[in-house]
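First up is the structure itself, then whatever we jot down about it.
Computed from the coordinates by the stated procedures, all read-outs in this text should not be read as laboratory data. On a predicted model such as this, the values are computed, not experimentally measured, just so you know. Positions of Cβ are generated from backbone atoms using ideal geometry, with glycine treated the same way; all protein chains shown enter the neighbour counts.
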Amino acid sequence: MNPYANRRARVLAQMQAQGGGVAIIPTAPEVMRNADADYPYRHDSYFYYLTGFTEPEATLVLVAGEKDQTILFCREKNEEREIWDGYRYGPEAAREAFGLDAAYSIASIDTELPKLMANAPALFYALGSSSRLDDQIKGWLNAVRAQVRAGVTAPSAAIDIRVILNEMRLVKDAYEIGIMQRAADITAEAHARAMRCSRAGLREYHLEAELLHEFRRNGSQFPAYGSIVAAGPNACVLHYRAGDAELRDGELVLIDAGCELDSYASDITRTFPVSGKFSGSQKALYEIVLDAQYAAIAATRPGARFTDGHDAALKVLAQGMLDTGLLDKNKVGSLDDVIANGNYRQFYMHRTGHWLGMDVHDVGDYRDPAPAGAEKPWRTLAPGMVLTIEPGIYVRPAEGVPDAFWHIGIRIEDDALVTTDGCDILTRKAPKTVAEIEAVMKG
């Protein structure tokens, strides 16, 4: 069974366990950029996860009833539009190619959906995700309710399909892991390329161009997100985008960038010196962040909590802040005091990771279920989960902060697959230690 058919079967089984019903999963709409130019089209992740189908104007319907059905609504074949826009499967070819029970023209959805919804106990869809979908659902329900005198009943319950799909997407199968490893390898080489190309006088957008070149050269369809290329003080802006700032000798460059390959994201951050050689203060902070990441990686294993890696990294970072004088021991107290009082947040204000998959900030709860009224514990890690590990230090000028560290922003980020006995760093090919980075840049 192909992976998409297998996933559809798993969803249908869970729908049956909840009493059955009809699930409606549309793909993303096309969006105009300006005038008659579209943004590059990217399908909806949930829809693609269950179909592998990349065309716009499509909806998947799953019917969990006496006989399970998988149905696709998509665009008709249209020779004239294919001349302008490219190949379309059309319903019949799509049904066969993607292993579905039936397929219809998207133009017929308003006629066919009420038939499928009639007498179904529940509707499964992404509640409140789209006003357009909500309006469509309302229209289809009203069409079913209009048949009440004929003995037809409308679904009486609405269930968020994302609850089922998020749990499924959180644990990756071998097929997904293979794609993510390839995406990680492409991104690692792109970061190495940017290091090799770096020199004073270039602009941030020059390094962004090198990243994009390497992504596309290796078959990536898109960047997974807007690339961050931050030179000098810009590295202290967490969501900075590649701009036109000049790269200068003696400063660092922080690059947070990843490619998307076959709908799966990678996410790497590396920080390196423009000149190819770390200064003493830069190296001191870099080694603290690197040690913090190593501590977080060691804490990332099955049975651990999602937040264990963050806690491990935080201890190393906070101690480093005390040791370097970023934090004054006489004012903030001990390591425990720094963590308890949150003094570290002046230089480290984000968590150490997030889920990764089809979306760069992927779906899935970060806490486990708990009895009603009880606080939910942080998620227990399990084999197949993929998360980023990304500690950092960001030093803005401030009174009492040694000026040797001013304007230094450092983040180190890798993608970790939880395995049966620890974790596998998918992005291990990206140069990371001081020695590795300096060697790559020298070469």
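Over 26 Å apart at the Cα level, from the set Lys172/Lys376; Lys283/Lys429; Lys67/Lys115; Lys277/Lys315, are Lys277/Lys315. Oblate is the label for segment 275-355, because a/c, from the alpha-carbon gyration tensor with a ≥ b ≥ c as root eigenvalues, is 1.5 or above and a/b does not exceed b/c. If you fit an axis through the alpha-carbon atoms of helix 280-298 and take the longest principal axis of the Cα set of the chain, what angle between them do you get, 0 to 90°, nearest 10? So the inclination is approximately 40 degrees. Extents of segment 1-139, largest first, come to 46, 33, 25 Å (Cα atoms, principal axes, whole angstrom). Taking θ as phi - 60° and the Karplus parameters 6.51, -1.76 and 1.60, the scalar couplings of segment 388-394 work out to 8, 10, 9, x, x, 9, 9 Hz in sequence order, x denoting glycine and proline.
Placing a label point 7 Å from the Cα of Ile339 along the Cα-to-Cβ direction, the residues of segment 296-313 with a backbone N closer than 18 Å are 296-301, 304-313.
How long are the semi-axes of the ellipsoid equivalent to segment 50-199, from square roots of 5 times the Cα gyration tensor eigenvalues, in whole Å, largest first?
Details: eigenvalues 282, 90, 46 Å².
Taking √(5λ) for each Cα gyration eigenvalue gives 38, 21, 15 Å.
Counting every pair of alpha carbons in segment 388-443, the share spaced more than 17 Å apart comes to 59 percent.
Restricting the calculation to Cα atoms, every distinct pair contributes to the Kirkwood radius of segment 297-443, found to be 17.2 Å. Gain on full extension, evaluated as 0.36 nm per residue between Ala157 and Glu80 minus their Cα-Cα distance, stands at 23.5 nm. If you take the square roots of the eigenvalues of the alpha-carbon gyration tensor of segment 225-274 and sort them as a ≥ b ≥ c, do you get rounded (a/c under 1.5), prolate (a/b over b/c) or oblate? The shape class here is prolate.
Considering Cα pairs under 8 angstrom that are at least six residues apart, work out the relative contact order of the chain and quote it in whole percent.
Working: 903 pairs, mean separation 59.8, N = 443.
Once divided by the residue count of the chain, the mean separation gives 13 percent.
Taking the number of other C-beta atoms within 10 Å as the exposure measure, put Trp84, Trp406, Trp140 in order starting with the fewest. Please report the intermediate quantities before stating the final value.
Numbers: Trp84 7, Trp406 14, Trp140 25.
Sorted ascending by nearby Cβ count, the order is Trp84, Trp406, Trp140.
Oblate is the label for segment 207-331, because a/c, from the alpha-carbon gyration tensor with a ≥ b ≥ c as root eigenvalues, is 1.5 or above and a/b does not exceed b/c.
Sorting Glu66, Glu246, Glu251 by the number of Cβ atoms found within 10 Å of their own Cβ, with the fewest placed first, yields Glu66, Glu246, Glu251.
Here is how the number arises for the chain: DSSP H runs of 4 or more residues each give -39500 (n - 2.57), the sum is divided by the residue count, and the result at 222 nm is -11500 deg cm²/dmol. For the peptides 87-100, 117-130, residues were scored by their other Cβ atoms within 10 Å and the scores averaged per peptide; the highest-first order is 117-130, 87-100.
Taking the average, over residues, of other Cβ atoms within 10 Å as the packing measure, peptides 342-351, 221-230, 291-300, 141-150 rank 291-300, 221-230, 342-351, 141-150 from highest down.
Extending 7 Å from Cα along the Cβ direction at Ala28 and again at Ala93 yields two label points whose distance is 2.4 nm.
log₁₀ I(q)/I(0) of the chain at q = 0.07, 0.08, 0.10 Å⁻¹, via Debye over equal Cα point scatterers, no solvent, to two decimals? Summing over Cα pairs of the chain leads to -0.44, -0.56, -0.81.
Could you line up Glu399, Glu189 from fewest to most neighbouring Cβ atoms inside 10 Å?
On the way: Glu399 4, Glu189 17.
In order of increasing Cβ crowding within 10 Å: Glu399, Glu189.
A straight chain from Arg10 to His407 at 0.36 nm per residue would run longer than the Cα-Cα distance by 137.9 nm. Backbone N atoms of segment 318-336 closer than 14 Å to the 7 Å Cα→Cβ label point of Ala398 belong to residues 318, 321-322, 325-329, 331-333. To the nearest ten degrees, helix 131-145 and the longest principal axis of the Cα atoms of the chain are 20 degrees apart. Phi angles across segment 164-174 convert, under the Karplus curve 6.51 cos²θ - 1.76 cosθ + 1.60 with θ = phi - 60°, into 3J(HN,Hα) values of 6, 5, 4, 5, 5, 5, 5, 9, 7, 8, 4 Hz, Gly and Pro given as x.
Modelled this way, with points 7 Å down the Cα-to-C-beta line, the labels at Arg241 and Cys197 are 1.9 nm from one another. Think of the chain as having a plus end and a minus end, set by charges on the Cβ of Lys, Arg, Asp and Glu; of Ala118, Asn218, Trp140, Ala118 sits farthest toward the positive end of this dipole.
Reducing segment 349-391 and segment 238-295 to their Cα centroids gives an inter-centroid distance of 24 Å.
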